[in-house]
Amino acid sequence: MNSIDALKELLYKMADDQLIIGHRNSEWNGLGPILEEDIAFSSMAQDKMGQSEHLYNLLNQLGEADADTVAFTRNAPQFHCSQLVELPIGGYDFSLMRHFLFDFAEYLRFEALKTSAYQPLAQVAKKFFGEIKYHTMHANTWVHQLGHGNEESNTKMQESLNYAWNYALGMFEPGPAEDILIAENIFMGEEALKAQWLEAITPLLEKSNLTIPDKATWAPIYGGRVGKHTEYLQPLLKEMTEVYTTDPRDHLKAKKINKI
């Protein structure tokens, strides 16, 4: 694998993560525990989808299909997202914990990529870093509040952390050519990112009266980066692409009109 292929693999997994969790977050529209959270999750979903589009555009510049084609015409085995992002939204406790675990990883990923030797990616990282920082602030505020709520809220948050943990570790599934990305100063690698993530979230969870699962139970759920997904991804893609697949030409017309 050469450096271009290694870079494409990195971009695909980042873009697919953002697209899929963006769609999952959008499912809270009208269902949030309070109106403010309806708005917050909808806003973050929009941010994620915008970020995914920019990353798909970078792939297009490297010879891949255009963003809409890549986002809306692939089946589950062709996606590179982690299994964490494709899980159903569940209760608010799970979605919030997933939001916390995912967005702190993304915050650190984008922070590192601001100095990437691949300048188009560094520019995208700088562009969206502020958005992702807000997402982490939102997640941490609510995790802390519910962790220190009553016994029921604390129990639910702890159970969600326990359930999500090994899926979250799967976000850091090593790529097939990370040595190239590291050597060329494009990306520091998943192991280094995971170490930063653990250092960042551990004290925050402790302050929220929550405990990271015992290390003896850690069993990262890998596979998503190489097309192995849960039973939930393909139905999600079918729902997500329903309008586009009805008639892609109408979709393109609507896109042109929206740009006018």
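The values are calculated or read from the model by the stated rules, or taken from the named source; none is laboratory data. Not measured: the values here are computed from a predicted model. Note: ideal-geometry Cβ built from the backbone for every residue, glycine included; neighbour counts use all protein chains shown. Each accessible area value is taken on the protein alone, full model and side chains, heavy atoms only, with ligands, DNA and RNA left out. Shrake-Rupley method; radii C 1.70, N 1.55, O 1.52, S 1.80 Å.
Being free of Cβ contacts under 8 Å to residues at least 12 places away in the same chain and polar (S, T, N, Q) is the filter; apply it to the range 116-153 and report the residue that is surrounded by the most Cβ atoms within 10 Å (Cβ to Cβ). Top of the filtered list is GLN123. Report, by residue number, each residue of the range 187-206 that is open to solvent by less than 40 Å² (accessible area, probe 1.4 Å) and in a loop (DSSP other than H, G, I, E, B). Passing the criteria: PHE187, GLY189.
Looking at GLU173, GLU184, just one residue is loosely packed, with under 15 Cβ neighbours inside 10 Å and out of contact with any His (no Cβ under 8 Å at 6 or more places or on another chain), and that residue is GLU184.
Residue count for the range 82-100 under the criterion of being open to solvent by 20 Å² or more (accessible area, probe 1.4 Å) and outside any loop (DSSP other than H, G, I, E, B): the result is 3. Across the range 40-81, which residue is modelled with the lowest pLDDT among those that are buried (at least 20 other Cβ atoms within 10 Å of the Cβ) and aromatic (Phe, Trp, Tyr)? The extreme case among them is PHE41.
Considered as a group, the residues in the range 207-227 that are free of Cβ contacts under 8 Å to residues at least 40 places away in the same chain and either more than 15 Å from GLU159 (Cα to Cα) or open to solvent by less than 40 Å² (accessible area, probe 1.4 Å) (or both) include one that is nearest to the chain's Cα centre (by Cα), and that residue is LYS215.
Taking the range 65-81 as the search range and keeping residues that are of a type in the set (D, E, K, R) and outside any helix (DSSP H, G or I), which one is nearest to PHE172 (Cα to Cα)?
ARG74
For beta carbons closer than 6 Å, sequence separation of 6+ or different chains, a first residue in the range 232-260 that is modelled with pLDDT of 50 or more and a second that is polar (S, T, N, Q) and assigned to a loop (DSSP other than H, G, I, E, B), there are no qualifying pairs.
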